[in-house]
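Just below is one structure, and these are the notes that go with it.
The values are calculated or read from the model by the stated rules, or taken from the named source; none is laboratory data. Note that the structure is predicted; figures quoted are calculated from it, not measured. Every residue, glycine as well, gets a Cβ built from its backbone with ideal geometry; the counts of neighbours run over all protein chains shown. Just so you know, the surface numbers come from the protein's heavy atoms only, side chains and all, with ligands and any DNA or RNA stripped out. Shrake-Rupley method; radii C 1.70, N 1.55, O 1.52, S 1.80 Å.
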Amino acid sequence: MAGTAPDFTTLTDTQLAQFAVAHQDALDIGGLVEADIVTAVAAGRASLERRPYGFAIIEQRPATGGTIPHLWLLFVAPEHQGKGLGHRFMRELLRQHATVYHMSLYCHGARRRAFFGRLGFRIESKDGEMRRMTTNTLR
């Protein structure tokens with residue numbers, strides 16, 4: 001991911017999906033498929049949240065009385081990291097999406113777990129290095 005990242009608010013859903021898939025190794029995730037992301041967004045099963053400095057993909061899992069938000073991906077461009085933007089972005093996402101059900105995500109690595117832990121996520125289950133985390137309060 002060398003160079004300067006684009007302004008993510010100017011990218012289409014397809015362009016964001018292409019970016020996510022092209023950079024999934026650097027983002028330390030796997031299994032992303034462009035068509036799956038675009039289809040899920042078009043069908044309302046996922047949403048793309050854009051900021052000039054990054055984006056998030058949130059899956060909306062159907063449940064009684066609403067949807068369960070699951071964070072597929074949070075990306076903040078490297079040149080914008082360390083400035084509190086990721087925390088601010090996640091707090092906004094939690095206020096917007098974790099109103100009826102807690103938000104969940106999968107992550108691995110101590111740095112990522114610490115990041116999400118500071119935002120109120122707690123480990124629910126473990127599978128090797130992978131952790132399923134959920135928020136402990138609704139926003």
**OP:** Provide Rg and Dmax in Å for the chain, with only Cα atoms included in the calculation.
**Re:** 14.4, 44
Original post:
By how many nm would the segment from M130 to E92 lengthen if fully extended, with 0.36 nm per residue of separation less the alpha-carbon distance?
Top reply: 11.2 nm
Subject >> Mean separation of Cα contacts under 8 Å (6+ apart) over length of the chain, as relative contact order % >> reply: 16 percent
**OP:** Amide H neighbours of W72 under 5 Å, at least 5 residues apart or on other chains, H built in the peptide plane: list them.
**Re:** I57, I58, E59
Subject >> Sequence-distant residues sharing a close amide H with H108 (under 5 Å, placed H) >> reply: R131
Original post:
Of the heavy-atom accessible surface of the stretch 37-139 (probe 1.4 angstrom), what whole percent is carbon and sulfur?
Top reply: 51 percent
Original post:
Roughly how many debye, to the nearest 20, is the charge dipole of the chain about its Cα centre, given +1 on each Lys and Arg Cβ, -1 on each Asp and Glu Cβ, and no other charges?
Top reply: 740 debye
Subject >> Förster radius 22 Å - calculated FRET efficiency between R50 and A110, Cβ distance, rounded to 0.05 >> reply: 0.20
**OP:** State, as an integer percentage, the relative contact order of the stretch 31-104 based on alpha-carbon contacts under 8 Å between residues 6 or more apart.
**Re:** 24 percent
Subject >> Surface per residue (accessible, 1.4 Å probe) for the stretch 22-139, Å² >> reply: 52 Å²
**OP:** Mind giving me the FRET efficiency for R118 and A26? R0 is 22 Å, r the Cβ-Cβ distance, nearest 0.05 is fine.
**Re:** 0.45
